[in-house]
Amino acid sequence: YNETTYNSKITLIEKIGHQEWSTKNLCVTHFRNGDPIQEVKNYDDWMNAINSNTPARMSYRKSKKKGETYGFFYNWHAIIDKRGLAPIGYKIPSKNDWDELVNFIGEEKAGEKLKSDTLWKPSSWGEKGTNEYGFNALAGGIMSLFDGTLKFEQEGKQCLFASNSEVFSTQSIFKSETKEWIDIVGTEAKIATRLLWNIKDECSPSCSYKNGGYYVRCVVENK
């Protein structure tokens, strides 16, 4: 571990509105204080880390090359750890930070303008982005857990960014007796995330389970 090497993991930032964002996904292997972040290789070890509140990381398809290209998936415990996942001078963005970014660019075209102009697979709806703001969002795919296995999918088609904020999902239910829709707020706290994909131009707000792994961008702390 070397602090100079650690802080060089973020080498470029772009000013977008009143914010300054990193232009690459986070790929640090240690917290700010030098403590290592466990790298896991299989479903059981990932779930053991989740269930024991242990920070963990993993590359797409457990590939070193993919990790160098896309950064690491981090679990929720790593994202909120008080030792600091983000390098000195940076922070993990909150839901409000992501909202500010998208609102500044314009919600309908934020995805198109944030996406990289390479490594996105074309679709009938859209394809690579314009990278207008230098954000350089790559289609690093998603990691999910299903039926006792780790699944890696949607490379070239999606990327999912985490915040450090918790949200509760809302479901609309139609009440036949009153003939109206009502919103039912869930009881399980999830992670506020932002999804980019090759079939839409938006940077869509979403909420994701805490047992998954997510890409992380950093934003410069206010001085």
**Message:** Just to check I understand the Karplus step: with θ = phi - 60° and J = 6.51 cos²θ - 1.76 cosθ + 1.60, what whole-Hz values come out for the stretch 108-116, glycine and proline as x?
**Reply:** 5, 10, 4, x, 4, 7, 8, 5, 4
**Request:** Only one of the values (i) 21.4, 62; (ii) 17.7, 65; (iii) 22.9, 85 was calculated from this structure for Rg and Dmax of the Cα atoms in Å; name its label.
**Result:** (ii)
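If you count, for each residue, the other Cβ atoms within 10 Å and average over each peptide, how do 142-148, 210-216 line up from highest to lowest? Please report the intermediate quantities before stating the final value.
Numbers: 142-148: 14.4, 210-216: 22.0.
Sorting 142-148, 210-216 by mean packing, highest first, produces 210-216, 142-148.
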**Nonlocal amide H pairs with Glu155, under 5 Å, H built at 1.01 Å** = Ile142
**Prompt:** Out of residues 5 or more away from Ser165 or on other chains, whose amide H comes under 5 Å of its own, with H placed 1.01 Å from N in the peptide plane?
**Reply:** Lys95, Ala192
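Can you tell me the FRET efficiency between Glu180 and Lys200 if r is taken as the Cβ-Cβ distance and R0 is 35 Å, rounded to the nearest 0.05? Please report the intermediate quantities before stating the final value.
Details: r = 30 Å, r/R0 = 0.85.
For R0 = 35 Å, the calculated efficiency reads 0.75.
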**Item:** Per-residue ³J(HN,Hα) for the stretch 55-70, Karplus 6.51 cos²θ - 1.76 cosθ + 1.60, θ = phi - 60°, Hz, x for Gly and Pro
**Value:** x, 8, 9, 7, 8, 4, 6, 6, 9, 4, 5, 5, x, 5, 7, 9
**Asked** Using modelled backbone amide H atoms (1.01 Å from N, in-plane), which distant-in-sequence or interchain residues come within less than 5 Å of Cys218's amide H?
**Response** Ser22
**³J(HN,Hα), Karplus 6.51/-1.76/1.60, whole Hz, each residue of the stretch 92-99, x for Gly, Pro** = 6, x, 8, 4, 5, 5, 5, 4
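Exceeding 30 Å between C-alpha atoms, which entries from my cross-link table qualify? They are Lys82/Lys200; Lys128/Lys151; Lys64/Lys128.
Working: Lys82/Lys200 35 Å; Lys128/Lys151 24 Å; Lys64/Lys128 24 Å.
Over 30 Å apart, Cα to Cα: Lys82/Lys200.
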**Message:** Given the DSSP H assignment, sum -39500 (n - 2.57) over each helix run of at least 4 residues in the chain and divide by its residue total; what's the result at 222 nm in deg cm²/dmol, nearest 500?
**Reply:** -4500 deg cm²/dmol
**Asked** How many Å² of accessible area per residue for the stretch 24-178, probe 1.4 Å?
**Response** 50
**Request:** Quick one: compute the contact order of the chain, relative version, from alpha carbon pairs under 8 angstrom and 6+ residues apart, as a percent.
**Result:** 23
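The values are calculated or read from the model by the stated rules, or taken from the named source; none is laboratory data. Keep in mind that this is a model prediction, so the values were computed, not measured. Cβ atoms come from the backbone with ideal geometry, glycine included; neighbour counts cover every protein chain shown. Quick note on the areas: whole protein, heavy atoms, side chains included, nothing else; ligands and nucleic acids left out. Shrake-Rupley method; radii C 1.70, N 1.55, O 1.52, S 1.80 Å.
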